[in-house]
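Reviewing the structure listed below.
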Amino acid sequence: HEATTLRGVPAAFFDNGGRLELYTGRVTIVIFGTDREQIQRAADSLVEANFNDGTTGNLPAPAVGAIEGRLTCTDLENGSSPTDITGSD
């Protein structure tokens with residue numbers, strides 16, 4: 001894989017650039033395409049599902065522990081809000 005940063009979050013290209021993974025919030029967004037330019041256009045057009053103000057700036061940072069594999073389902077079950085988990089203000 002080829003590690004990179006897109007839309008302000010960690011990302012990685014796989015399969016000779018035919019697949020992109022973006023690590024944001026508590027999810028991984030996977031985009032498949034025929035070439036990097038097509039995949040980049042798709043990544044650039046992503047908007048937040050829960051709050052869409054029409055902008056396509058940076059995506060939310062990965063949840064604390066998500067990249068390291070330490071995020072569990074119980075993080076939300078214990079009453080933590082998404083902003084508590086992502087470390088956002």
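Worth pointing out:
- Which numbered condition residue 16 misses (of (1) within 15 Å of the chain's Cα centre (by Cα); (2) open to solvent by 80 Å² or more (accessible area, probe 1.4 Å)): (1)
- For beta carbons closer than 7 Å, sequence separation of 6+ or different chains, a first residue in the stretch 61-73 that is closer than 13 Å to residue 28 by Cα and a second that is at pLDDT below 80 and open to solvent by less than 60 Å² (accessible area, probe 1.4 Å), the qualifying pairs are 61/86; 61/87; 63/71; 63/85; 63/86.
- Among the residues of the stretch 8-22, just one is in a loop (DSSP other than H, G, I, E, B) and closer than 17 Å to residue 59 by Cα, namely 8.
- Count - residues of the stretch 23-39 that are closer than 14 Å to residue 59 by Cα and not in a strand (DSSP E or B): 1
- The stretch 24-48, residues that are under 10 Å from the mean Cα position of the chain (by Cα) and open to solvent by 50 Å² or more (accessible area, probe 1.4 Å): 26, 27, 28, 30
The values are calculated or read from the model by the stated rules, or taken from the named source; none is laboratory data. Since the model is a prediction, treat every value here as computed from it, not as a measurement. Quick reminder, even Gly has a Cβ in these numbers, built from the backbone with ideal geometry, and neighbours come from all protein chains shown. Areas reflect the complete protein model, heavy atoms only, side chains present, ligands, DNA and RNA absent. Shrake-Rupley method; radii C 1.70, N 1.55, O 1.52, S 1.80 Å.
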